[in-house]
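Written below as structure tokens is the structure these notes are about.
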């Protein structure tokens, strides 16, 4: 990408999209297209097509999605599969129709089977049953990968899917029920400290292991990949299995390559927030997938590694939450 290239960040107000915009602006990019949902409803095919026809973006980061934690996924499965399928279909098709040079589709590590070998490699895709609690969302994201792959094969496009591990950071959703684990824990511990509580209850057994990536690191990886030279970028775009005989989706994992237990995470959140009470684990609540660790060797081989430690990232996220709650 040149600094003057027309770049569309779909979902620029979300956790990942806002981080991508910050990264691009910090690097000096000057022509970044941003539209709120009120300004452009990406579930509206005609409106999406008209936007691409008018503005002709050269590069697209598709970070727009309906997202949420276990409670949200369990409560709104129809919306999670429907909205995500429609958004990505409209954007990917319009990108092809209007000559986008490169598109990056952002997914989630939940695309991999519930019992996938650890760490999860890109070729684990479609090798086993998914975690039931987020299967609708995961299937939508798998369809997005297949759509990128299909357009690459049929039309020669250059669409790459990147699968981040669990993300957190500034601009996260701190809703007490519909958020992911880190923002939910940060809010829970912060409010417990404010009330003077001596205990905090955590869902599940505390034994599942999770990997967490700071959102600004994710954004840096996305911009890094989008800027790879043609030969290296093209090598990531997958192959036609009917010709090569190999299962090679246009897919790159993005993560840190190490994980912690939910108990260890909760203890670290308590330390960062300054809560020194007792942790209680409610074992009647679901744990979700036992372990989700990404194999990031493909990305590391390209020359990129995460640089924000979990404690550093949690401190930034805690500051963001406190500022947000102070403002309200």
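At a glance:
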{"read-out": "Number of positions in the range 138-171 that are more than 20 Å from residue 250 (Cβ to Cβ) and crowded, with 24+ Cβ neighbours inside 10 Å", "value": "3"}
{"read-out": "Any helices (runs of 4 or more DSSP H) falling wholly within the range 241-316 and containing at least 3 residues that are more than 30 Å from residue 201 (Cα to Cα) and free of Cβ contacts under 8 Å to residues at least 40 places away in the same chain", "value": "241-244"}
{"read-out": "Some residue of the range 281-289 being closer than 26 Å to residue 108 by Cα, touching a strand residue (DSSP E or B) at 6+ places or on another chain (Cβ under 6 Å), surrounded by 13 or more Cβ atoms within 10 Å (Cβ to Cβ) and at pLDDT 95 or above", "value": "no"}
{"read-out": "Meets criteria (on the phi < 0 side of the Ramachandran plot, touching a helix residue (DSSP H, G or I) at 6+ places or on another chain (Cβ under 6 Å) and not in a helix (DSSP H, G or I)) for residue 114", "value": "no"}
{"read-out": "Pick from the range 230-240, criterion touching a helix residue (DSSP H, G or I) at 6+ places or on another chain (Cβ under 7 Å) and part of a loop (DSSP other than H, G, I, E, B), ranking: surrounded by the fewest Cβ atoms within 10 Å (Cβ to Cβ)", "value": "240"}
{"read-out": "Subset of the range 172-186 (residues that are crowded, with 19+ Cβ neighbours inside 10 Å and either within 16 Å of the chain's Cα centre (by Cα) or farther than 25 Å from residue 291 by Cβ (or both))", "value": "172, 174, 179, 180, 181, 182, 183"}
{"read-out": "Any hit, the range 246-258, residues being modelled with pLDDT under 95, under 30 Å from residue 126 (Cβ atoms), surrounded by fewer than 17 Cβ atoms within 10 Å (Cβ to Cβ) and touching a strand residue (DSSP E or B) at 6+ places or on another chain (Cβ under 7 Å)", "value": "no"}
{"read-out": "Selection from the range 14-28 of residues that are in contact with a helix residue (DSSP H, G or I) (Cβ under 9 Å, 6 or more places away or on another chain) and either under 24 Å from residue 82 (Cα atoms) or crowded, with 16+ Cβ neighbours inside 10 Å (or both)", "value": "15, 16, 17, 18, 19, 20, 21, 22, 23, 24"}
{"read-out": "Selection within the range 193-207 - in contact (Cβ under 8 Å) with a residue 60 or more places away in the chain, more than 14 Å from residue 182 (Cα to Cα) and not in a strand (DSSP E or B)", "value": "193, 197, 198, 204, 205, 207"}
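The rows are residues; the columns are (1) at pLDDT below 95; (2) over 17 Å from residue 274 (Cβ atoms).
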| site | (1), (2) |
| --- | --- |
| 197 | no, no |
| 222 | no, yes |
| 232 | no, yes |
| 239 | yes, yes |
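The values are calculated or read from the model by the stated rules, or taken from the named source; none is laboratory data. In this text, all values refer to a predicted model and were calculated from it rather than measured experimentally. Using ideal geometry, Cβ is built from the backbone for each residue, glycine included, and neighbour counts are taken over all protein chains shown.
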